[in-house]
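First up is the structure itself, then whatever we jot down about it.
Every number here is computed from the coordinates shown, using simple stated rules; none is lab data. Just so it is clear, the structure is predicted and the values come from calculations on it, not from any experiment. In this analysis, Cβ positions are derived from the backbone assuming ideal geometry, glycine residues included, and neighbour counts consider all displayed protein chains.
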Amino acid sequence: MRSRHQDIADDLRQQIITGRILPGERLPSEADLADQYKVSTVTLRRALAILQSEGLVEKIHGKGNFVRRPHRKTLYVGGWGTLDPWTAAEPALPVTVRSNTVQAQAHITTLLKVPTGSPVVEITCVSHEGKSPHGLARIYMPRDLVPAGVLDDDSTCRDAVTRFAVLGPPLAALREMVCARPPTPDEALALRIGHASIVLSITRIATDSTGRVVEATLLAFPGDRVDAVFTTHHVTDERQTRR
């Protein structure tokens, strides 16, 4: 037997799909909707939670519930020379940047191959489409490798940071690990998506000619907002060409 909150979610979903409630439109308050459907606010919030997990409705703290606008997709171009996964195929999205120095802990020590407690620069970037977050990046570098000025608010390096260019010494290798998974609580909060949503997670590890890790970047995109393209170049064995 179907629950009442599922029926409410079905009704609201149908109104959104048919255009009776338009993208960007604010839904009536939870109290008004509960009164309209003659249910408790707890039941009503369960219905809204379904639509939020489906990406149809976005709850903005202090403002209410809004019908999500269709998000344009961006293109992540993997492999050597990648600079800007958010704008590889279209005009740049606005990006907010926050940076600070932290002590390496847990998975960061593993990614950067540094001792626990080592000083590490953490740069957090969030891209936006309108008022909605579009993608999240966290860049980690050993403190001694950070170029001068990167941590300054007015630095010209800020533009390079938002494009995820490798900021440290010249690269010898770039390794990328990709998976689809549920968001972490921090990612769900930053991207304003439901915990049942799926994100495309990309971990980039850049190393120099000595094998030292110079930068680790953790990227997270809602799965419906990005396509990823990776190109493999065939390398001919010299022994075969001599035959």
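Efficiency by 1/(1 + (r/R0)^6): what FRET value for T43 and R20, r their Cβ-Cβ distance, R0 = 25 Å, to the nearest 0.05? Taking R0 as 25 Å, the efficiency between T43 and R20 is 0.70. Computed extension gain for H107 through R192, at 0.36 nm per residue and net of the alpha carbon distance, reaches 28.2 nm. Extension gain for V229 to H128 (0.36 nm times residue separation, less C-alpha to C-alpha distance): 34.2 nm.
Using θ = phi - 60° in the Karplus curve 6.51 cos²θ - 1.76 cosθ + 1.60, the 3J(HN,Hα) couplings for the stretch 176-189 round to 10, 10, 10, 7, 10, 7, x, x, 6, x, 5, 5, 4, 5 Hz; x is entered for Gly and Pro. Taking amide H positions as modeled 1.01 Å from N, with prolines and chain starts lacking one, the residues under 5 Å from T74 and 5 or more places away or on another chain are V226, D227. Taking the Cα centre of the stretch 4-67 as reference, the dipole from Cβ charges on Lys and Arg (+1) and Asp and Glu (-1) amounts to some 100 debye.
Close amide H contacts of V57 (hydrogens built in the peptide plane, cut-off under 5 Å, sequence separation of 5 or more or a different chain): Q52, R68. Run the Debye formula on the Cα coordinates of the stretch 190-232, all scatterers equal and no solvent, and tell me log10 I(q)/I(0) at q = 0.19, 0.21, 0.27, 0.34 1/Å. Taking Cα atoms of the stretch 190-232 as identical point scatterers yields -0.72, -0.80, -0.98, -1.17.
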